Amino acid sequence: MTTTEARLLNLTERVPQASPHDDIDKVRFYDLGMRRSALMAYKRPSDRIMANVRDGMTDLVEVGFNTGLLSLHVAGKLPDLAVSGVEENQNLVDVAEDNLTLAVWANSAGDVEFEMAKLNRLPFPDDSADIVFSFSSLHRWRRPVETLKECARICKPGGVVIIEDMNRHAEEGHITFILQFVKEGGDEFMRSLQAAYTRDEAAELLKEAGLADWQVVEEDLGLVISSRPLEPVST
């Protein structure tokens, strides 16, 4: 599929991905591409987390860490905080562990731990995380309503949940802009976009989870879901 053909995919209805990241070699190729070209893509979610860190915070949890890049990036900026990541796809866990090993060899600052577990059964006690975050993962959650409930359960009173993912109904200009950079990954990007939620769909998930007071904000290509109003991110 060419990038032009990918752009013509119908984004009206959501099309869940049947078996995302089911090939370890493709996951490694995906990870390499992200490490080479996606630092700016991680900058805004990283800055958003940093803007919402408060004195006395100790523990951050990433739900659906993909190949671990955001957790590693955030941990490098917050070496005094523990960052734990949970993922339920074995191939993603394996590649993330490789990235963590490289970070250790490079003497990177940061306290990071990755774990494989069901996202709808997070292996953390109630009220144990100061910031629960997720980036580019919501669209492949198998049980999104249950996982949202889990995010709320483990977040401390006074903490915050921040979930960012693509918006299937983003403006075409934003989609076209991204396609200029992903090149041979254009078809995979569009498949992921097809599996993403719209603002109204995300709000409905929150309602089903009993979290209707949470916020859903459209931002360029993405959606930002949060358990409370967030501190602004400087540009």
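The values are calculated or read from the model by the stated rules, or taken from the named source; none is laboratory data. On a predicted model such as this, the values are computed, not experimentally measured, just so you know. Every residue, glycine as well, gets a Cβ built from its backbone with ideal geometry; the counts of neighbours run over all protein chains shown. With ligands, DNA and RNA removed, areas are computed over all heavy atoms of the protein, side chains included. Shrake-Rupley method; radii C 1.70, N 1.55, O 1.52, S 1.80 Å.
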Handout entry: Number of the condition not met by Val27 [criteria: (1) within 20 Å of Pro144 (Cα to Cα); (2) touching a His at 6+ places or on another chain (Cβ under 9 Å); (3) in a helix (DSSP H, G or I)]
Key = (1)
Fill in the blank from the handout: Subset of segment 185-200, residues open to solvent by 60 Å² or more (accessible area, probe 1.4 Å) and either modelled with pLDDT of 95 or more or outside any helix (DSSP H, G or I) (or both), comes to Arg199, Asp200
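Just the residues that are surrounded by 20 or more Cβ atoms within 10 Å (Cβ to Cβ) and either in contact (Cβ under 8 Å) with a residue 60 or more places away in the chain or more than 17 Å from the chain's Cα centre (by Cα) (or both), please, taken from segment 104-119. Lay out the reasoning, then the answer.
Step one: filter segment 104-119 for residues surrounded by 20 or more Cβ atoms within 10 Å (Cβ to Cβ), giving 110, 112, 114, 119.
Correct list: Gly110 only.
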Completion exercise
Going through segment 120-143 in order, the residues found to be open to solvent by 20 Å² or more (accessible area, probe 1.4 Å) and under 17 Å from Glu164 (Cβ atoms) are Phe135, Ser136, Arg140
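Tally the residues that are open to solvent by 40 Å² or more (accessible area, probe 1.4 Å) and part of a loop (DSSP other than H, G, I, E, B), restricting the search to segment 54-75.
Our first condition is that a residue be open to solvent by 40 Å² or more (accessible area, probe 1.4 Å); within segment 54-75, this holds for 54-56, 58-59, 73.
Right, trim to part of a loop (DSSP other than H, G, I, E, B) and you get 54-56, 58.
Qualifying residue count for the region: 4.
State yes or no: is Asn89 open to solvent by 10 Å² or more (accessible area, probe 1.4 Å), without any contact (Cβ under 8 Å) to a residue 40 or more places away in the chain and not aliphatic (A, V, I, L, M)?
It is false that Asn89 is open to solvent by 10 Å² or more (accessible area, probe 1.4 Å), without any contact (Cβ under 8 Å) to a residue 40 or more places away in the chain and not aliphatic (A, V, I, L, M).
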